[in-house]
Amino acid sequence: METREIILELRTQKGLSQEELAEKVMVTRQAVSRWENGETIPNTETLKLLSKEFDVSINTLLGAPRQLICQCCGMPLEDDAIISRDSDGSLNEDYCKWCYADGNYTYSDMDDLIDVCAKNMVNENFTEEQVRAYMKEMLPKLDYWKRYDELSDNGQFEEFKKQLITEINELHIEGMPKVEKLNALVGRDINLEYPLPNGMRVKFLDNQKTYLGNQLECEFGGERYFGVLASMDFVMVCTYDADLTNPELILYKKR
């Protein structure tokens with residue numbers, strides 16, 4: 001689709017008139033009409049406003065002319081749903097949600113990132129050794145690692161993760177081993193539905209947000225796993241079967 005078709009479709013889906021959209025992005029109705037007729041294309045600043053208004057990437061607005069990849073882990077950003085967001089909620093097309101969330105870079109150690117990627121990329125075509133060799137060669141070429149000294153937060157986010165790990169371990173939940181690491185997890189992948197005593201079922205996470213968490217094997221053995229999740233606002237511990245079924249909420253604690 002071309003930009004003119006995309007803007008028309010997004011505006012129609014949102015139920016906005018040309019005049020209403022023009023007011024939201026601070027242009028004239030005639031400007032919106034020219035976009036939708038294919039006479040002109042919005043300038044860079046207006047594209048940013050349209051991106052925020054429609055909650056789509058600028059790349060999507062332009063008909064996806066660029067092949068975006070995360071500049072931290074190298075993942076292809078083929079879907080706006082996995083593109084990261086800045087602290088103001090706007091999409092950041094340089095990173096995936098696992099590597100950058102709400103204005104924070106989630107990885108400061110390349111080896112930690114390789115450890116996480118290796119677990120997810122190993123398949124019948126690539127051994128773990130091959131994945132690790134590929135990542136070690138590819139990552140230093142990406143913008144985040146090339147500009148790490150400039151972009152890093154001097155370890156502040158790592159300190160926050162250490163603080164969370166300490167808080168979780170101090171809960172002393174029976175059967176749950178100590179948490180050693182917290183990884184970035186996207187809400188839509190882990191937003192389980194928990195049964196309540198009154199018979200209702202509820203989800204606690206935002207599908208669009210990125211959280212910190214990990215999966216741990218129960219010290220007593222068996223088929224159940226502990227799931228640990230945390231953010232600036234809460235700590236949550238649950239258990240579930242190996243295929244993420246039959247979840248049970250153990251603890252939800254506001255911070």
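The values are calculated or read from the model by the stated rules, or taken from the named source; none is laboratory data. Because the structure is predicted, anything quoted here is derived from the model rather than measured. Neighbour counts are summed over all protein chains in view; Cβ atoms, including those assigned to glycine, are modelled from backbone coordinates with ideal geometry. What goes into the accessible areas is simple: the full protein's heavy atoms, side chains included, and nothing from ligands, DNA or RNA. Shrake-Rupley method; radii C 1.70, N 1.55, O 1.52, S 1.80 Å.
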Using a 1.4 Å probe on the protein chains only, how many percent of the accessible area of the stretch 42-110 belongs to carbon and sulfur? 47 percent
When the helix-only estimate is applied to the chain (DSSP H runs of n ≥ 4, each -39,500 (n - 2.57), divided by the residue count), what is the mean residue ellipticity at 222 nm, nearest 500 deg cm²/dmol? -9500 deg cm²/dmol
If each part is reduced to its alpha-carbon centroid, the stretch 1-49 and the stretch 162-236 end up apart, in Å, by 42 Å
Fraction of accessible area attributable to carbon and sulfur, the stretch 127-255 (%, probe 1.4 Å): 48 percent
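A101: net charge of surrounding residues, Cβ under 10 Å, Lys/Arg +1, Asp/Glu -1, itself excluded?
+1
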Work through the residues other than S84 whose Cβ is under 9 Å from its Cβ and net out their charges, Lys, Arg +1 and Asp, Glu -1. -2
How high is the relative contact order of the chain? Use alpha-carbon pairs under 8 Å, at least six apart in sequence, and give a whole percent. 10 percent
Roughly how big is the chain's charge dipole about its Cα centre, with Cβ charges of +1 (Lys, Arg) and -1 (Asp, Glu), in debye to the nearest 20? 480 debye
Which value, in Å², gives the accessible area per residue of the chain when a 1.4 Å probe is used on the protein heavy atoms? 58 Å²
Based on the alpha-carbon gyration tensor of the stretch 114-162 and its eigenvalue square roots a ≥ b ≥ c, which shape applies: rounded if a/c is under 1.5, prolate if not and a/b is larger than b/c, or oblate? oblate
Just one of (i) 20.8; (ii) 18.3; (iii) 18.9 is Kirkwood radius over Cα pairs in Å calculated from these coordinates, so which is it? (i)
Once you've got the GNM for the chain with C-alpha springs shorter than 10 Å, pick whichever of Q208, Q71, Q163 has the biggest mean-square fluctuation. Q163
